[in-house]
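Only one structure is covered here, and it is reproduced in the block below.
A short reminder: the numbers here are calculations on the coordinates, not readings from a lab. Remember, predicted model here, so these are calculated numbers, not experimental data. Please note: Cβ atoms are built from the backbone with ideal geometry, for glycine as well, and neighbour counts cover all protein chains shown.
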């Protein structure tokens, strides 16, 4: 009996001694894994701090550029008023100067669109970093819990508009027409949609398609009456009507422009055109009938 008890105790000791190295090895692996996890967390924290500093610097630069462009826009407005004030003495030079001012306005619009693109990229980067930090571990795109990627049907609005404006300024009218049309199709509710519609009409005008240009200018006036191209659209509509030998309609349109935007550069151009034609800048009021 005692011998059996000794054998039992010896067996238990042997099992304990055999299991001890395995338990020690497992504990060592856990400690190493915990150390690696801690190192990874520290690296992520340092990366987060670095990205935050970079985002802050980029946003500061973006705000400075935005302020600069706003000052340029204000300077352009001052130039427009100066041209308007001096137009009576400059005669035929007004059209040339106004075209240059319009080109500068287009450049400012392009810069604003590019700044909007940079701002959107910063927001997307920040959002992606946030999603990466908050996403559950082990999830892959397409699995439950992973963010769904939106399939874009068209380029971003700023990219599409900038490409269209660049092609327009470069005389690539067919390509610009397609791009401006796509912009209106996908982003018809944005601030630059009225500009896109204006350039579509202006391409028709430059190509001598005056009848189609009149219809496209009308879309600017009807769909985007408060846009910054409304006055220019009405002026060019009047020019297109005159080019179609519709003198009365053209004169009426130019007079309507003067009445609607009396202090604009386009109104001054309309006045100069009417004077060149020998037409009054305002419609004559009917004389009151005499009472008998």
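Numbers below:
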read-out	value
FRET efficiency estimate (nearest 0.05) - Cβ-Cβ, residue 27 to residue 175, R0 51 angstrom	0.15
FRET E, pair residue 211, residue 189, Förster distance 22 Å, beta-carbon r, rounded to 0.05	0.20
Shape call, region 242-281: gyration tensor on alpha carbons, a/c limit 1.5	prolate
Stretch gain in nm, segment residue 281-residue 222, where the contour uses 0.36 nm per residue and the Cα spacing is subtracted	18.9 nm
Rounded, prolate or oblate (a/c below 1.5 giving rounded, otherwise prolate when a/b exceeds b/c) for region 171-217 by Cα gyration tensor	oblate
